[in-house]
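In what follows, a structure is listed as structure tokens, so that the remarks can point back to it.
The values are calculated or read from the model by the stated rules, or taken from the named source; none is laboratory data. The structure displayed is predicted, hence computed values, not measured ones. Note that we place each Cβ from the backbone using ideal geometry, even for glycine, and neighbour counts take in every protein chain shown.
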Amino acid sequence: MILLNKFPLRLRLTILTTVVLTTICVLLTTSSVFTAQKMYAVPAEDYNFNTTLSNLSKEPPATDRINNNFTYASVAYMFIMIVLGTAASYFVAGKTLKPVADLTKRIETIDENKLFQRLEGFDTNDEVARLAASFNHMILKLEKSFNHQKQFAANAAHELKTPLAGIIANIEVLQLDKNPSVQEYKEVLDDTLTNAQRLSTLVYDLLKMNNAINADICESFDAKDMFEDIILALSENSKVKNVLIKNNISDIMLFGEKVLLQRAFFNLVQNAVKYNKLNEEVVVTAAQNDDFVTVNIKDNGIGIPEEELESIFEPFYRIDTSRSRELGGSGLGLSIAKTIIEKHNGEILFESEVDVFTKVTVILPKN
Ligand code: ATP
Ligand code: MG
């Protein structure tokens with residue numbers, strides 16, 4: 001059987017059919033020869049072998065001759081039937097497997113540059129049609145993921161290009177100046193530092209998105225304290241917009257990699273401040289049951305249109321690119337937050353009404 005697996009399917013089907021056919025033919029021929037011999041056998045008393053020597057020279061009785069002829073003819077027909085049957089099964093197997101051969105040929109023409117192609121024309125309601133449908137489904141997912149990767153690489157390159165271009169331009173301007181003053185050196189250095197810091201943050205963010213969570217350093221920590229730290233870190237931003245951040249959490253513990261979760265919640269509160277209106281507030285609340293902790297961050301800001309709610313988690317996605325660029329940021333905040341929450345087996349949900357509010361709900365398992 002293992003040896004059979006090495007042959008093409010068409011040959012395997014033919015060999016198996018031939019084995020079955022041969023067995024049936026041999027059994028059928030044997031049984032009919034046996035039955036014929038029994039039916040036409042000469043009774044023992046009519047044919048005495050031990051009589052005289054002269055009997056030996058005599059021809060065997062007619063019934064024996066008929067029996068022998070019948071046996072030879074049966075065996076000959078059996079072989080002819082086996083050969084014809086084998087040829088027919090080879091032909092039929094080829095016909096049956098033709099759609100599979102067509103499918104294989106068509107699949108072979110699809111490479112990474114033709115992921116948009118689909119297998120069409122397999123409309124029968126059989127296994128081959130189902131295989132073609134599954135293949136189309138798989139290729140659609142591959143195409144999406146491939147485009148996603150391409151888009152991600154293009155966006156990452158674009159984000160990295162801007163600070164690099166800034167650094168290069170500053171240095172070139174300084175080189176053109178024959179006698180730069182100390183002040184000019186200082187300005188270029190300051191600018192270069194800002195750009196280098198932006199590059200460093202971007203690289204750090206990109207790496208963080210791919211890091212696996214380290215179970216060894218997971219711990220329980222107080223949610224209220226963590227949000228106090230976040231509010232302190234964002235005090236400059238909130239002061240500029242006169243946004244008040246209310247930390248209404250008490251007695252709730254979170255479990256996980258603290259640095260990562262703090263980073264995720266920081267991004268969410270940062271957005272709540274950044275996309276809020278002037279003189280408004282951000283309210284942070286939390287609740288828990290036996291298994292989960294639910295944290296809510298609500299702002300009264302510009303809101304998110306419903307059709308954008310799915311896309312905002314994509315890396316580098318910003319709703320209104322020019323507006324978001326004015327506010328700074330690279331569009332990685334939410335995708336990092338989502339990645340971190342999901343790595344902790346949690347969930348992140350958005351509810352929003354344009355110009356009214358945005359409420360983020362984070363659900364985390366207790367351990
Ligand atoms: P970064 O976080 O990298 O500094 P960003 O804030 O533009 O940049 P994300 O945090 O990923 O990127 O958010 C993606 C987009 O979702 C934002 O550009 C913004 O348009 C929208 N968004 C996110 N949070 C809010 C919110 N609370 N209110 C309104 N819009 C939001
Ligand atoms: Mg953000």
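Looking at this structure, is residue 242 in the same structural domain as residue 297 (by TED's automatic domain parsing), loosely packed, with under 15 Cβ neighbours inside 10 Å and polar (S, T, N, Q)? Full working, then the answer.
Details: in the same structural domain as residue 297 (by TED's automatic domain parsing): yes; loosely packed, with under 15 Cβ neighbours inside 10 Å: yes; polar (S, T, N, Q): yes.
Against the criterion (in the same structural domain as residue 297 (by TED's automatic domain parsing), loosely packed, with under 15 Cβ neighbours inside 10 Å and polar (S, T, N, Q)), residue 242 qualifies.
In the range 116-140, what count of residues is obtained for those that are among the aliphatic types (A, V, I, L, M), under 14 Å from residue 106 (Cα atoms) and out of contact with any helix residue (DSSP H, G or I) (no Cβ under 7 Å at 6 or more places or on another chain)? Don't jump to the end; show me each part of the working.
The first filter runs over the range 116-140 and keeps only residues among the aliphatic types (A, V, I, L, M), leaving 119, 128-129, 131-133, 138-140.
Adding the requirement that they be under 14 Å from residue 106 (Cα atoms) leaves 119, 128-129, 131-133, 139.
Right, trim to out of contact with any helix residue (DSSP H, G or I) (no Cβ under 7 Å at 6 or more places or on another chain) and you get 129, 133, 139.
Total meeting the criteria: 3.
Return the residues of the range 188-204 that are surrounded by 14 or more Cβ atoms within 10 Å (Cβ to Cβ) and over 20 Å from residue 333 (Cβ atoms); say none if nothing qualifies.
Initially, the range 188-204 is screened for residues surrounded by 14 or more Cβ atoms within 10 Å (Cβ to Cβ), giving 188, 191-192, 195-196, 198-199, 202.
Across the range 188-204, the qualifying residues are 188, 191, 192, 196.
Having 2 or more residues that are β-branched (Val, Ile, Thr) and closer than 30 Å to residue 289 by Cβ is the bar; report the helices (runs of 4 or more DSSP H) wholly within the range 172-257 that clear it.
Numbers: elements: 182-210, 223-233, 235-241.
Correct list: 223-233.
Looking at the structure I just gave you, is residue 270 buried (at least 16 other Cβ atoms within 10 Å of the Cβ), at pLDDT 95 or above and either within 13 Å of ligand 2 (Cβ to nearest atom) or on the phi > 0 side of the Ramachandran plot (or both)?
Working: buried (at least 16 other Cβ atoms within 10 Å of the Cβ): yes; at pLDDT 95 or above: yes; either within 13 Å of ligand 2 (Cβ to nearest atom) or on the phi > 0 side of the Ramachandran plot (or both): yes.
Yes.
Considering only residues that are not in a helix (DSSP H, G or I) and not polar (S, T, N, Q), which ones fall in the range 259-285?
Here is the first cut: in the range 259-285, the residues not in a helix (DSSP H, G or I) are 275-285.
Within the range 259-285, 275, 277, 278, 280, 281, 282, 283, 284 qualify.
Count, please, the residues in the range 245-262 that happen to be surrounded by 14 or more Cβ atoms within 10 Å (Cβ to Cβ) and farther than 13 Å from residue 228 by Cα.
As a first pass, look at the range 245-262 and keep what is surrounded by 14 or more Cβ atoms within 10 Å (Cβ to Cβ): 245, 247, 249, 252-258, 260-262.
If we keep only those that are farther than 13 Å from residue 228 by Cα too, we end up with 252-258, 260-261.
Of the residues in the range 245-262, 9 are surrounded by 14 or more Cβ atoms within 10 Å (Cβ to Cβ) and farther than 13 Å from residue 228 by Cα.
Does residue 279 count as surrounded by fewer than 21 Cβ atoms within 10 Å (Cβ to Cβ), more than 28 Å from residue 150 (Cα to Cα) and over 33 Å from the mean Cα position of the chain (by Cα)?
Taking the combined requirement at face value, the residue satisfies it.
Being surrounded by fewer than 18 Cβ atoms within 10 Å (Cβ to Cβ) and basic (Lys, Arg) is the filter here, so list the residues in the range 300-324 that pass it.
The answer is 323, and nothing else.
If you go through the range 289-299 one residue at a time, do you hit one that is of a type in the set (S, T, N, Q), touching a residue at least 60 places away in the same chain (Cβ under 8 Å), within 12 Å of ligand 2 (Cβ to nearest atom) and crowded, with 17+ Cβ neighbours inside 10 Å?
To start, the set of residues in the range 289-299 that are of a type in the set (S, T, N, Q) comprises 289, 294, 296.
Cutting the leftovers down to touching a residue at least 60 places away in the same chain (Cβ under 8 Å) gives us 294, 296.
Subsequent filtering for residues that are within 12 Å of ligand 2 (Cβ to nearest atom) retains none.
Checked the range 289-299: no residue is of a type in the set (S, T, N, Q), touching a residue at least 60 places away in the same chain (Cβ under 8 Å), within 12 Å of ligand 2 (Cβ to nearest atom) and crowded, with 17+ Cβ neighbours inside 10 Å.
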